[in-house]
Amino acid sequence: MKNTIYILIFVFIFIQISILLQPSHGDTEEITVIAIGDITVGSNLTPTIEKQGAGVFFEGTASVIQSADIATASLNTSISERGEPDPSRELRFRAVPDLARALSNAGFDAISLATPHIMDFGFEAFEDTLTHLEWYNVKPIGAGISPAAANAPTWIDVNSKKVALLAYLRGNEFNMASLNLIASAAFSQMTRAVKEINDTAEIVIVWLHWGKQESDTTREQSSIGRQRIFAQALIDAGADLVLCQQLHTFGGIELYEGKPIIYSLADFIYETYSLQYARTIIPKVTFAEGALKSIELIPILVDKPGASFPQPSLLKIKDTTKESLDIKLEETAIETLKEYQKRCAVLNTEVIIKGERGWISIINTSN
């Protein structure tokens, strides 16, 4: 009898210890998302790719990109060796197929193709882009070989949870004839699509590309104001994260109903590598149980003086004990974060700087 009691006590203690040693429920339910701005690679970078491979563009940031459960970006070029250039476009971009492999190796899971330059070389190049991305298991968003495919959500499973991604282009300035292959940013269409998948998806992410850069600050702010109306409506419809990209434009982050709207992340890679914004950020958004938990801001340098091709790199606090080109540069993590702090403040969002990272102060505004 005593032996039986001892055995039962031992089993009880063993079960309790096993429960304590298991990872917490919150840890297993976290989902992290990293978003990257426009990637625009054209024929001028083909010699670099042929010599060093397209992966060289991502060497400085791949570790961060791969650290998230989902990494997504805005691809503003086709990936193909076919197609005829659109004569109506002054600038046309088309990258060689190695870019698709580089995107996959860098850690990207899903790429928005609802972008202004995706049709620069017509349907053949567009079709090749879809094929190359899918071959390397990078899922396209917001574009397809039919209107239904273009408007369908892209699904990614994370920790047995379904994450849905949608992408739209507001294409007033572009070739509207091609928009049957690219999801168009029609207000009712977008909000309806979000509502339809909201119950199925743990997290809904929406890309919204607004087109060309405005010619002056006043018009740029007005355009972002219109974006804001659309973005907030998408949140109201059930979106959990809205990414509002705009050519060559850099914005801040707004928390609306406790959910983030990230206004344009500017250029991550641009063919000319002479960019309006040399220092930008990579936001890393963490969700727990489907709700926003934190936003980490990772400062990066995308336009390094003296570089012969674009290679974004992480910005770090200066080490004054070392002598190097990086130390001589004035661009630092703190300066970049302080500048972004100002952009977010305009949107009533507080940024806390800790070391060489920024953090968005999360305030639960839901009822």
Qualifying residue in the range 71-90 (condition: out of contact with any Phe, Trp or Tyr (no Cβ under 8 Å at 6 or more places or on another chain) and under 30 Å from E356 (Cα atoms)) = yes
Restricting the range 228-245 to residues that are of a type outside the set (A, V, I, L, M) and touching a strand residue (DSSP E or B) at 6+ places or on another chain (Cβ under 7 Å), the one surrounded by the fewest Cβ atoms within 10 Å (Cβ to Cβ) turns out to be Q232
So G211, is it at pLDDT below 95, out of contact with any strand residue (DSSP E or B) (no Cβ under 7 Å at 6 or more places or on another chain), on the phi > 0 side of the Ramachandran plot and of a type outside the set (A, V, I, L, M, F, W, C) = yes
Scanning the range 119-136 for residues that are closer than 23 Å to W210 by Cβ and at pLDDT below 95, which turns out least open to solvent (accessible area, probe 1.4 Å)?
-> D120
Subset of the range 88-107 (residues that are assigned to a loop (DSSP other than H, G, I, E, B) and free of Cβ contacts under 8 Å to residues at least 60 places away in the same chain) = R89, E90, L91, R92, V96, P97, G107
Does the range 270-278 include one or more residues that are within 24 Å of K304 (Cβ to Cβ), open to solvent by 10 Å² or more (accessible area, probe 1.4 Å) and part of a strand (DSSP E or B)?
-> yes
Considering each residue of the range 108-118, count those that are assigned to a loop (DSSP other than H, G, I, E, B) and more than 17 Å from Q66 (Cβ to Cβ), and give that number.
-> 6
Selection from the range 47-87 of residues that are among the hydrophobic types (A, V, I, L, M, F, W, C), in contact (Cβ under 8 Å) with a residue 40 or more places away in the chain and either farther than 20 Å from H132 by Cβ or touching a strand residue (DSSP E or B) at 6+ places or on another chain (Cβ under 8 Å) (or both) | I49, A54, F57, V64, I65, A68, I70, A73, L75, I79
Just one listed residue, out of E289, E296, is of a type outside the set (S, T, N, Q) and at pLDDT below 95, and it is E289
Limited to the range 344-367, what total is found for residues that are at pLDDT below 95, outside any loop (DSSP other than H, G, I, E, B) and touching a Gly at 6+ places or on another chain (Cβ under 7 Å)?
-> 1
Those residues of the range 112-122 which are without any contact (Cβ under 8 Å) to a residue 60 or more places away in the chain and within 27 Å of E59 (Cβ to Cβ) amount to D120
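The values are calculated or read from the model by the stated rules, or taken from the named source; none is laboratory data. Everything numeric here is computed off the predicted structure, so don't read it as measured data. Glycine also receives a Cβ, built like all others from the backbone with ideal geometry; neighbour counts cover every protein chain displayed. Accessible surface is based on the protein model in full, side chains and every heavy atom, while ligands, DNA and RNA are left aside. Shrake-Rupley method; radii C 1.70, N 1.55, O 1.52, S 1.80 Å.
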